[in-house]
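Visitor: Input: one structure, supplied below.
The values are calculated or read from the model by the stated rules, or taken from the named source; none is laboratory data. Quick caveat, the model's predicted, so the values are computed rather than measured. With ideal geometry, Cβ positions are generated from the backbone for all residues, glycine too; neighbour counts draw on all protein chains shown.
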Amino acid sequence: MSNYYKYNFVSPEPVYAIVKEELKSYFDTGAVDDLLFPTYLDKCLRKLGRTTYPIVPTALFIEDFEARLPDNFYAVREAWLCTAINGYPYQSANSFYSQAASSTTIQVSPVIVSGNPCQDGSCHQENCPTCMPDLIQAVYKTNNTTAVTYRKEYLLKPGNISAKKNCEVEYTNNWEFYKESPALHNFTPSSSSYDSFDIRDNKFVTNFRNGIVHMLFYCTEYDNTGNQMIPDNYRIREYVEAFIKFKVMETITNQTNDETFNQLQTKLVYYKQQSEEAFIMADIEIKKQDAWTKQRRIKNDLNRFNMYELPNRVSRTRRNN
C-alpha cells in the first residue's frame, strides 16, 4: 500500500490579488500586468518539486504494449502490474435520474395522472386527452455496477524501452532463450528488464502485450478560469507570492520609469531576498514528516538489525517488519 501525504489544492487567484493590490501603483499605470503570472507560478511549482502536484490513481488498459496517458499527466509515482481475479461487483457511488426505465434502474416515483398513480405506467382513463395536462412523468434512478477483476501484483520499474534504436547494447545475456521461449513470447525486447515501462509520445509503453496497470501519477489541475491549482499550505503560498513580487520588480527594473536606478535596484534586492527566504521555508515545510511517516521510520530503525540477531537470544524480542 502506498503512503503519502495528500494536500488540499486551491486556486491561486487570492495570491494574484494580493500581489496586484500591494503593487497597485505599478499595475494602475500599466508598467506591468498579470500576463506572466501563470508562468511564474509554474516556475515556483517546478522548483519545489513534484510534492506540489496532486497525486491521482488511475487504471491503464494495455493493448499492444501501450496505453494512452491521461491529459493532465505530469509524472509517474508508482505503476503496478495487475492480474485478473474473480471478484464481486460493487455499486457505483454516482446515480443517474431519467424518465426511461432499463434493466439496471429502479423507479423512484410512479406516473401520476389527475392525482392518481399508475402502477404499470399506463393511463386507463377513458378520456385521456383531458388528463394530459395533469400528467406527471415517472422518475427512474440508475446505478451502474463495476466488477473488481484485478489486483496489484508487483511494482514495475522505469526502463528505457524506446532507446534500443539509438544504442548497440544487447538486451540481456540470455537473449536467445528469451526470444525462443514460448513462455515469454508475449514480451518485447529492447527494455532494461522484463518488468520495465517507458513513457514516450504521451503513451505508457510496457514489455507485455495486454494487461492492466494501476498507476499513481502526478497531475496538473486547473480551476474554472484556467489557473493551475496550488497546495493549500501557508509556506508554499508565501513563496509563490514572494517570487511573483520579485519577478514583477525585475520586469520594472528592465523598463524606463520615473524611479532612479538605485531605488529600483534596492527594491529588486529586497524582493529577491524575500523570495529566497520564502523558498527555504517552503522547502523545509514540504520535507517535514507527518505522524504516520515518523511511526513507520521508527519501526524501520528498530527492525534494521534483526537479521543479525542470534536465534536463541532472549534478552531482546525479535520484531518483524
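Visitor: Tell me the residue from 55, 62, 85 that is of a type outside the set (Phe, Trp, Tyr) and in contact with a Ser or Thr (Cβ under 6 Å, 6 or more places away or on another chain), please.
Guide: 62
Visitor: Same structure, new question: Identify, from the list 61, 37, the residue that is aromatic (Phe, Trp, Tyr) and under 18 Å from residue 153 (Cβ atoms). First the steps, then the outcome.
Guide: Numbers: 37 fails: under 18 Å from residue 153 (Cβ atoms).
That would be 61, the only listed residue that is aromatic (Phe, Trp, Tyr) and under 18 Å from residue 153 (Cβ atoms).
Visitor: Has the range 194-213 got any residue that is of a type outside the set (Ser, Thr, Tyr) and in contact with a Gly (Cβ under 7 Å, 6 or more places away or on another chain)? Break it down into steps so the answer makes sense when it comes.
Guide: Initial filter on the range 194-213 (of a type outside the set (Ser, Thr, Tyr)): 195, 197-205, 207-213.
Now restrict to residues that are in contact with a Gly (Cβ under 7 Å, 6 or more places away or on another chain): 197-198.
Among the residues of the range 194-213, at least one is of a type outside the set (Ser, Thr, Tyr) and in contact with a Gly (Cβ under 7 Å, 6 or more places away or on another chain), which makes the answer yes.
Visitor: Is it the case, given these coordinates, that residue 93 is in contact with a Phe, Trp or Tyr (Cβ under 8 Å, 6 or more places away or on another chain) and among the hydrophobic types (A, V, I, L, M, F, W, C)? Working first, answer last.
Guide: Working: in contact with a Phe, Trp or Tyr (Cβ under 8 Å, 6 or more places away or on another chain): no; among the hydrophobic types (A, V, I, L, M, F, W, C): yes.
No: the conditions fail for residue 93.
Visitor: Separate question: For residues in the range 19-67 being among the charged types (D, E, K, R) and part of a loop (DSSP other than H, G, I, E, B), which is surrounded by the most Cβ atoms within 10 Å (Cβ to Cβ)?
Guide: Quick first cut of the range 19-67, residues among the charged types (D, E, K, R) only: 20-22, 24, 28, 33-34, 42-43, 46-47, 50, 63-64, 66.
In the following step, the residues that additionally are part of a loop (DSSP other than H, G, I, E, B) were identified as 33-34, 64.
Numbers: 33: 12, 34: 14, 64: 8.
In this case the residue turns out to be 34.
Visitor: Can you list residue pairs whose Cβ atoms sit under 6 Å apart, with the first residue in the range 34-47 being not assigned by TED's automatic domain parsing to the domain that holds residue 18 and the second being outside any helix (DSSP H, G or I) and modelled with pLDDT of 95 or more? Count only pairs 6 or more apart in sequence or on different chains.
Guide: Going by the 6 Å Cβ cut-off, there are no qualifying pairs.
Visitor: If I filter the range 68-80 down to residues being in a strand (DSSP E or B) and aliphatic (A, V, I, L, M), which single residue comes out as nearest to residue 279 (Cα to Cα)?
Guide: That would be 75.
Visitor: Within the set of pairs 6 or more residues apart or between chains, which connect a residue that is among the acidic types (Asp, Glu) inside the range 206-222 to a residue that is part of a strand (DSSP E or B) and surrounded by 14 or more Cβ atoms within 10 Å (Cβ to Cβ) with Cβ atoms less than 7 Å apart?
Guide: Within 7 Å, the pairs are 221/9.
Visitor: What number of residues within the range 71-83 are in contact (Cβ under 8 Å) with a residue 12 or more places away in the chain and either of a type in the set (Ser, Thr, Tyr) or surrounded by fewer than 14 Cβ atoms within 10 Å (Cβ to Cβ) (or both)? Walk me through how you get there before you give the answer.
Guide: Residues of the range 71-83 that are in contact (Cβ under 8 Å) with a residue 12 or more places away in the chain, as a first pass: 72-83.
If we keep only those that are either of a type in the set (Ser, Thr, Tyr) or surrounded by fewer than 14 Cβ atoms within 10 Å (Cβ to Cβ) (or both) as well, we get 74-75, 83.
Residues that pass the stated criteria total 3.
Visitor: With respect to residue 154, is the statement that it is more than 30 Å from residue 14 (Cβ to Cβ), part of a strand (DSSP E or B) and either at pLDDT 80 or above or of a type in the set (Asp, Glu) (or both) true?
Guide: On the way: more than 30 Å from residue 14 (Cβ to Cβ): yes; part of a strand (DSSP E or B): yes; either at pLDDT 80 or above or of a type in the set (Asp, Glu) (or both): yes.
Yes: the conditions hold for residue 154.
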